Amino acid sequence: MTRRTLIKPILNQLLVSTTRLRRPDVHPLLAALSSARSVTYMPRPGDGAPRAVTLIPGDGIGPLVTGAVEQVMDAMHAPVYFEKYDIHGDMKNVPPEVLDSIRNNKVCLKGGLRTPVGGGVHSLNVQLRKDLDLYASLVHCFNLQGLPTRHHNVDIVVIRENTEGEYSGLEHEVVPGVVESLKVMTKFCSERIAKYAFEYAYLNNRKKVSAVHKANIMKLADGLFLESCREVASKYPSIKYNEIIVDNCCMQLVSKPEQFDVMVTPNLYGNLVANTAAGIAGGTGVMPGGNVGADQAIFEQGASAGNVGNEKLVAQKKANPVALLLSSAMMLRHLQFPSFADRLETAVKRVIADGKYRTKDLGGVSSTQEVADAVIANLD
């Protein structure tokens with residue numbers, strides 16, 4: 001019996017589920033065997049044509065990290081090209097030509113936009129989500145091999161309703177010194193975010209969806225959200241469903257985060273939960289994310305871009321590009337270029353695991369450019 005005959009059945013068995021073999025606890029020999037390529041996708045003529053992607057570099061560190069993404073995409077000959085627009089968080093509105101570009105291209109990559117605090121200035125981030133009806137925010141928080149964290153086996157996807165709740169922007173001053181802010185919850189938006197969460201779990205082989213709420217106090221608003229989640233959950237019997245009050249959720253996240261899988265939340269809670277989960281899993285600088293609607297999607301750093309205005313990082317050119325690089329891998333999968341996404345994601349994970357090139361937030365001294373160069377050097 002030849003060596004080839006012996007190895008072939010092993011390869012066939014391993015290729016059944018390559019995603020499981022990406023875990024850090026897999027034996028190196030198995031990992032090497034799993035890298036063998038198989039025919040999994042037969043393209044239609046024209047599927048490989050480069051796709052236009054709207055690019056918004058944004059403020060502060062935004063141009064640094066989006067520049068790193070451009071270099072990596074160019075080095076791997078990814079089938080995308082960028083239409084770049086220079087907009088900033090202190091503008092009154094997103095220019096119509098930018099919205100038109102995103103609607104035409106259907107995909108956008110965005111650096112952080114600075115949101116002024118107070119003063120009645122609206123957030124352009126919120127405007128983009130509302131104008132394009134990007135109703136689902138998705139943040140993937142997971143441990144990266146080689147990056148030390150307090151907790152292990154963290155792999156949480158936070159799916160957040162993006163268009164209503166406390167972020168509706170409906171507030172006014174009733175009389176001097178008294179402000180009324182309205183939290184709006186609708187059956188339509190609650191149902192569609194619940195459907196998105198369960199559909200995501202179903203298609204990505206996730207086992208559990210947890211609904212985060214405060215229905216013990218906000219009985220009507222959050223009660224409507226829970227009612228919608230329960231109705232949708234009944235249609236997915238293979239996926240476990242549970243509910244957790246948001247304050248208990250935060251405590252459980254920092255004590256036993258490994259218990260969570262997919263989390264579905266109203267707007268404000270999702271913002272808090274996603275940032276907490278990101279901090280547990282390694283920091284906001286490495287967590288990818290995106291905002292998705294029925295027709296368009298914007299990919300950006302998953303957790304809070306609070307470092308967007310860090311002038312020291314800008315001056316030293318040491319912003320961490322990992323989160324946006326991993327978000328770009330998500331974007332490539334969204335565009336149905338999975339092999340390019342895998343190459344990019346694998347290269348980023350190799351750089352993190354090696355530990356030689358890391359920015360200050362990950363305990364290193366590297367510049368943005370050095371990390372980008374290291375990722376390019378690790379591309380297959």
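The values are calculated or read from the model by the stated rules, or taken from the named source; none is laboratory data. Model, not experiment: these values are computed from the prediction. Counting neighbours? That spans all protein chains shown, and the Cβs are built from the backbone with ideal geometry, glycine included.
Suppose we filter segment 94-122 for residues that are surrounded by fewer than 17 Cβ atoms within 10 Å (Cβ to Cβ) and at pLDDT below 90; how many remain? Explain how you work it out, then say what you get.
Restricting attention to segment 94-122, the residues satisfying the condition of being surrounded by fewer than 17 Cβ atoms within 10 Å (Cβ to Cβ) are 95-97, 100, 103-104, 116-122.
In the following step, the residues that additionally are at pLDDT below 90 were identified as 116-122.
Residues in segment 94-122 being surrounded by fewer than 17 Cβ atoms within 10 Å (Cβ to Cβ) and at pLDDT below 90: 7 in total.
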Selection status of residue 163, among the polar types (S, T, N, Q), assigned to a loop (DSSP other than H, G, I, E, B) and surrounded by fewer than 21 Cβ atoms within 10 Å (Cβ to Cβ): no
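Condition (residue is assigned to a helix (DSSP H, G or I), of a type in the set (A, V, I, L, M), modelled with pLDDT of 95 or more and in contact with a helix residue (DSSP H, G or I) (Cβ under 9 Å, 6 or more places away or on another chain)) applied to segment 22-33: is it met by at least one residue? Steps first, answer last, please.
The first filter runs over segment 22-33 and keeps only residues assigned to a helix (DSSP H, G or I), leaving 22, 28-33.
Keeping just the survivors that are of a type in the set (A, V, I, L, M) gives 29-33.
Right, trim to modelled with pLDDT of 95 or more and you get none.
No, because not a single residue in segment 22-33 is assigned to a helix (DSSP H, G or I), of a type in the set (A, V, I, L, M), modelled with pLDDT of 95 or more and in contact with a helix residue (DSSP H, G or I) (Cβ under 9 Å, 6 or more places away or on another chain).
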Tabulated pairs, segment 333-348, first among the small types (Gly, Ala, Ser), second surrounded by fewer than 19 Cβ atoms within 10 Å (Cβ to Cβ), C-beta under 6 angstrom, 6+ apart or interchain: 341/333; 347/378; 347/379
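With respect to residue 179, is the statement that it is β-branched (Val, Ile, Thr) and at pLDDT below 95 true?
Details: β-branched (Val, Ile, Thr): yes; at pLDDT below 95: yes.
Yes: the conditions hold for residue 179.
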Selected residue (criterion: farthest from the chain's Cα centre (by Cα)) from residues of segment 242-278 that are under 20 Å from residue 167 (Cα atoms), assigned to a helix (DSSP H, G or I) and hydroxyl-bearing (Ser, Thr, Tyr): 269
Test: residue in segment 151-158 that is among the charged types (D, E, K, R) and in contact with a Phe, Trp or Tyr (Cβ under 7 Å, 6 or more places away or on another chain): yes
